[in-house]
Amino acid sequence: MKNILYVDCDGVIFNTIETAFNMMKENNLDINNHKLVDNFFINTRWDILLKKSIIINDAINKVKNISNKQIYDDVIILTKLSGNYYEEGLKRETFSLLLPDTKVITLPRNYDKASVVPSKNNILIDDEEKNVISWNKNGGIGIKFMKDIVDLDHDIINDLDDIENTNGVKLLKKTRFL
């Protein structure tokens, strides 16, 4: 049985969400208006957004290190798209340069990650609570990524180096011999 590690892009590898909301605030956009926020993501220049975004906690190198250790059969970037026509191409191009040996799966923003890719006995690292909950409900190990919080007992990390120390991954190792 394959063991796959899925890693979200926005909010885990790149701080694009934080950067986007900072850009919205700079432009006096009402960030509580969901329609305006959606329109911002759909109409923004993703090339500029990606250039302004930083890599969180050296995530690119940490994904490379995880892949090189061959703990998992595969490490895949699993990211949702905002609806912007250029976003998918820019993300694929960015990852082909930064992580050329890593697969990238893109999904429309309203899709449930656990319903599109196999979650059972696989791991997802994501900053969106609903993705983590759905992943866990579908038999996977969902690890919540939070910028300022670490709680390994509850599968919450802020650094990709901590994946192996979470309770969910430890339990999976005991039952599956990763």
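Quick note: the coordinates plus some simple rules give every number you see, no bench work behind them. The model shown is predicted, which means the values in this text are computed figures rather than measured ones.
Which of the pairs Lys25/Lys103; Lys35/Lys103; Lys103/Lys137; Lys25/Lys80 have their Cα atoms more than 30 Å apart in this structure? Among Lys25/Lys103; Lys35/Lys103; Lys103/Lys137; Lys25/Lys80, the Cα-Cα distance tops 30 Å for Lys25/Lys103; Lys35/Lys103. Around the amide H of Ile141, modelled in the peptide plane, lie the amide H atoms of Asn121, Asn122, Ile123, Leu124, all under 5 Å away and 5 or more residues distant in sequence or on another chain. Using C-alpha pairs under 8 Å with a sequence gap of at least 6, the mean separation divided by the residue count of the chain gives a relative contact order of 22 percent.
DSSP beta bridges fully contained in segment 1-155 are about 5 percent antiparallel. For segment 123-165 versus segment 19-60, the spacing of their alpha-carbon centroids is 23 Å.
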